[in-house]
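Below you'll find the structure, written out as structure tokens, and then a few comments.
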Amino acid sequence: MSRFSNEFIFGTATSSYQIEGAYQEDGRTPSIWDHFSRIPGKVRNMENGDVACNHYHRYEEDVEILKRLGVDSYRFSIAWPRIFPEPGKYNPTGMDFYKRLITSLRENNIKPAVTLYHWDLPMWAYKRGGWINRDSVHWFLEYAEKCFSELDDMVYLWITHNEPWCAGFLGYHQGIHAPGHTDMEEALKAVHHILLSHGATVDLLKNKLQSKTPIGITLNLSPVYPASSSMNDLLAANNADGYSNRWFLDPIFKGKYPVDMMNLFSKYVHDFNLVQEGDLEQISIECDFLGINYYSRNLVQFVGASDLLFKPAFSEYEKTSMGWDIAPNEFKDLIRRLRKEYTKLPIYITENGAAFDDYLSEDGKIYDHDRQRYIELHLKAIADLNEEGMNIVGYYLWSLLDNFEWAYGYSKRFGITYVDFETQQRILKESGIRYAEIIRSRTINS
Ligand code: IFM
């Protein structure tokens, strides 16, 4: 039996576009996901977040679920197009929703952990070039400043960006996420400006506004392994690691982009003004914590006919319904490496969880034992890591609710609460009931 300290934060996580719905209410204007999801072929069954979990109207019921779970904290994101529906035009009615939500959380002793950007870039910003335009840093700062001035005294921690790898590379290089571009140079620009906006926002909160509220960034990191020990596969693993992990960790913690990846990327970059003097100092500004979203490991092999020389390799590991390897031991490798090579900052696991095909049984319950086991394995890994002194200070389970899983629409269920999207009925799954027990006892079986 392993025990979590009394200070350890147990939580669940969601994001605005994935759960809120109310896509045209109280002044909200479209985001890139409203637009992208309407392009045929981009999202399974052309589903979208117009209604999603209708959390905008049902947030009180969702806070009740959080209470039942007994979580210490709840992580959610703010929809930028609710706050600034048009350039430079603040919408207090949009902000009021988050004030109501935060007030309700605090009345129930649940600490609000707030992400500023979880991918719903306003369309007005996209039309001006989106993250490819360096001015995006100023637009983001204006938005962040308003969130800070209205909410900072009620917020437990701030997260500037969720998973810049997805916003940058999935959105601008692979085209799988909004805005659906497939251009490496654009992706490199987008990532650089996202990271710059992160640094500028940390500077704003800590130095200009002198706030004591902790602030950090959330990266989705995946430890990479070669399919064999051949030179080619080792090269493939190095590149995959550079693309998914080091391209973010190195500028944030070492103040420089990795040289091997700069060489690999150099053929795409024609704008030599991209990284300007002072940018890397800004990006590597000291934060208060690092947020990590961990789902799986990444096994790769060499492929000559690809720009980055790697592709996923066949793996015999048990998988979730996303086809992702269940890999709690590799999670330990990742954390140990971060401690050795990158940072001593407190670490929050800001997301971890699994999609499985859930069935509502005749007795009205969801016996999602696969998900329960996945959660237990990863919580056990955290307890073990903390015994080694790795200082993981909190865990946010993804997700509180089944929700809109981006390009997969509603076909993948990550929730510990089942959502019937026809009726909006919520049912706590067995994994949720087990999570509540773990939280109550603050222990996990070996
Ligand atoms: O649903 C996403 C979330 O928006 C970001 N992290 C990964 C989750 C599962 O794919």
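The values are calculated or read from the model by the stated rules, or taken from the named source; none is laboratory data. Worth saying up front: this structure is predicted, and the values here are computed from it rather than measured. Positions of Cβ are generated from backbone atoms using ideal geometry, with glycine treated the same way; all protein chains shown enter the neighbour counts. Calculation scope for accessible area: heavy atoms of the full protein, side chains included, ligands and nucleic acids excluded. Shrake-Rupley method; radii C 1.70, N 1.55, O 1.52, S 1.80 Å.
Quick notes on this structure:
- Antiparallel bridge percentage (DSSP; both residues within the chain; nearest 5): 25
- The charge dipole of the chain, taken about the Cα centre with unit charges on the Cβ atoms of Lys, Arg (+1) and Asp, Glu (-1), comes to about 520 debye, rounded to the nearest 20.
- Phi-derived couplings, Karplus 6.51 cos²θ - 1.76 cosθ + 1.60 at θ = phi - 60°, listed residue by residue for region 362-378: 5, 7, x, 10, 10, 8, 8, 5, 4, 5, 4, 5, 4, 5, 4, 4, 6 Hz, with x used for Gly and Pro.
- Charges were assigned to the Cβ only: +1 to each Lys and Arg, -1 to each Asp and Glu. The resulting dipole of region 282-351 about its Cα centre is roughly 220 debye.
- Here region 52-203 is treated with +1 on each Lys and Arg Cβ and -1 on each Asp and Glu Cβ, and its dipole about the Cα centre works out to around 160 debye.
- Percent RCO, i.e. relative contact order, over region 32-135, from Cα pairs under 8 Å lying at least 6 residues apart: 32
- Figure note: His118, His270 ranked by solvent-accessible area, largest first, 1.4 Å probe, ligands and nucleic acids not counted: His270, His118.
- Chymotrypsin sites (Phe, Trp or Tyr not before Pro) restricted to DSSP loop in region 309-342 with at most 15 other C-beta within 10 Å: Phe314, Tyr317
- Accessible surface of Val71 - all protein chains present, 1.4 Å probe, nearest 10 Å²: 10
- Placing a pseudo-label 7 Å from each Cα along the Cα-to-Cβ vector at Asp333 and Thr103 gives an inter-label distance of 5.0 nm.
- Of the solvent-accessible surface of region 231-353, computed with a 1.4 Å probe over protein heavy atoms with every protein chain present, carbon and sulfur atoms account for 54 percent.
- Distance in nm between pseudo-label sites at Lys365 and Arg128 (7 Å out along the Cβ direction from Cα): 5.4
- Members of Lys311/Lys344; Lys365/Lys412; Lys67/Lys99; Lys212/Lys344 lying beyond 22 Å, as alpha-carbon distances in this model show: Lys311/Lys344
- Each Lys or Arg adds one and each Asp or Glu takes one away; over the other residues whose Cβ falls under 15 Å from the Cβ of Trp406, this sums to -4.
- Considering helices alone, the calculated mean residue ellipticity of the chain at 222 nm is -11000 deg cm²/dmol, with DSSP H runs of length four and up weighted by -39500 (n - 2.57) and normalised per residue.
- Formal net charge of residues neighbouring Glu351 (Cβ-Cβ distance under 9 Å; K, R +1; D, E -1): 0
- Distant-in-sequence amide H partners of Leu299 (H built 1.01 Å from N, under 5 Å): Tyr225, Ala313
- Relative contact order [Cα under 8 Å, 6+ residues apart], region 142-240, whole percent: 29
- Candidates Ser315, Ser104, Ser73, ranked by Gaussian network fluctuation over the chain, Cα under 10 Å, top entry: Ser315
- Sites Glu318 and Glu281 - FRET efficiency at Förster radius 60 Å, r taken between beta-carbons, to 0.05: 0.85
- Sequence-separation-based contact order of the chain, relative, with Cα cut under 8 Å and 6+ spacing, percent: 19
- Projecting label points 7 angstrom from Cα along Cα→Cβ for Asp96 and Gln174 puts them 4.0 nm apart.
- Positive-end extreme of charge dipole, the chain - chosen from Ser149, Ile285, Ser321 (charges on Cβ): Ile285
- Among Ser211, Cys53, Leu377 - extreme Cα towards positive end, dipole of the chain, charges at beta-carbon: Ser211
- Rolling a 1.4 Å probe across all protein chains gives Val269 an accessible area of roughly 30 Å².
- Exposure of Met231 as accessible area (Å², to 10), given a probe of 1.4 Å and all protein chains: 150
- The GluC sites (Glu not before Pro) of region 267-304 meeting both criteria, a DSSP state outside H, G, I, E and B (loop) and at most 15 other C-beta atoms within 10 angstrom of the site's C-beta, are Glu277, Glu286.
- Rounded to 5, the percent of DSSP beta bridges in region 286-378 classed as antiparallel: 50
- Residue with peak Gaussian network fluctuation, the chain [Cα springs, cutoff 10 Å], from Tyr367, Tyr117, Tyr225: Tyr367
- Gaussian network model of the chain, springs between alpha carbon atoms under 10 Å - residue of Ser321, Ser399, Ser31 with greatest fluctuation: Ser321
- Under 5 Å, built H, 5+ apart or other chain: amide partners of Lys111: Ser73, Tyr74
- Heavy-atom SASA rank of Leu428, Leu360 (probe 1.4 Å, accessible area, largest first): Leu360, Leu428
- In the chain, excluding the sites themselves, the longest stretch lacking any of the trypsin sites (Lys or Arg not before Pro) that are in a DSSP loop with at most 11 other Cβ atoms within 10 Å is 1-211.
- Take the Cβ atoms of Arg440 and Asn207, set R0 to 45 Å, and the FRET efficiency comes out at 0.65.
- Antiparallel bridges, percent of DSSP beta bridges restricted to region 302-446 (to nearest 5): 55
- Integer Hz, Karplus 6.51/-1.76/1.60 couplings in order for region 301-314, x for Gly and Pro: 9, 6, 9, x, 8, 8, 4, 9, 6, 9, 8, x, 9, 5
- In order along region 165-170, the Karplus-derived 3J(HN,Hα) couplings, from 6.51 cos²θ - 1.76 cosθ + 1.60 at θ = phi - 60°, round to 4, 5, 4, x, 7, 5 Hz, and Gly and Pro are given as x.
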